[in-house]
Amino acid sequence: MKKKLSLLFVVICFSNLHSQDFELRITPFIKSKIVFKEGSSKDGFLRLASSVFKLRFKEKEGDKESKIDYELVEKIITNPYTENERTFQYLNHNYSKFKIFTELIYQDFLSIYISLSDADELFYSDFDRQSIPEMMAQARFDNRTGHFNRLKSSDTLELPNGKKIALPIRYSYYYNLSYGSASGISPTLSYYLLKQGDSILYKSEKNKRFLKKARPIIENCPDIQLDLEEDKLTLRNLPRFIEYYKMTCGVEEKNE
């Protein structure tokens, strides 16, 4: 009897371990350059260990990984020295005292950053990180072209500068073959503006809230404030807003 109970215990433990692997998302090492706040930098390979705030680094692929304190990091550049460089930073923003993990996608006097509700997905957006159950749920619909295409429609995000990044949908375990439908979770995207020389991000949102929450960006430019108040201007096209801001607020003349 004891032997049977021991065997059952081993089987249960193995099943639990296997099910955990079954659920895991890949967290591969990505070739990266880490620039530190004190001025030094490191080139090597970086991965996120369960969170964007838990960095694991190694200089060469065969090396043992080491921990890096994210609070010491100025920025992370993935695929450095290539045309596919991406720049990530931990920055403060106007909705919380806690830093968020962001990607710089458009650099100017007002630079544009993005963040996702699932920050890991932002860093790994070039990879398909679906778990096995999600892959199985997705596979159920591969032969149902019309419904599946609609479900996949937000897999690619087109940024304001024309660049495209992949945002894999997380498929849930629920599906209904009879009706050809499934549920999926897509990360929530937020845009932020960072003024040159500043250290606080301001969320891009509807005019009324932007006027209230992002006053430091616009307080010295009454024309911009008035245009926003009268809805003559919006932040839906951020590059256009930035160009109009520079022209209206005399930024270019001040920087000469």
Under 5 Å between amide hydrogens, which residues at least 5 positions from residue 201 or on another chain qualify, with H placed 1.01 Å from N in the peptide plane? 92, 93, 94
Estimated distance in nm for a label pair at residue 237 and residue 92, the labels positioned 7 Å out from Cα along Cα-to-Cβ: 3.4 nm
Give the peptides 38-45, 120-127 in descending order of average Cβ contacts within 10 Å, highest first. 120-127, 38-45
In whole Hz, the Karplus estimates of ³J(HN,Hα) for segment 226-235 (6.51, -1.76, 1.60; θ = phi - 60°; x where Gly or Pro) are 5, 4, 5, 4, 8, 6, 7, 9, 9, 9
Going down the list 208/232; 164/195; 33/58, which pairs span over 18 Å between their C-alpha atoms? 164/195
With a 1.4 Å probe and all protein chains in place, put 98, 210 in order of accessible area, largest first. 98, 210
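The values are calculated or read from the model by the stated rules, or taken from the named source; none is laboratory data. Please read these numbers as outputs of a predicted model, since none were measured by experiment. Neighbour counts are summed over all protein chains in view; Cβ atoms, including those assigned to glycine, are modelled from backbone coordinates with ideal geometry. Note: accessible area is taken over every heavy atom of the protein model, side chains too, but ligands, DNA and RNA are not part of it. Shrake-Rupley method; radii C 1.70, N 1.55, O 1.52, S 1.80 Å.
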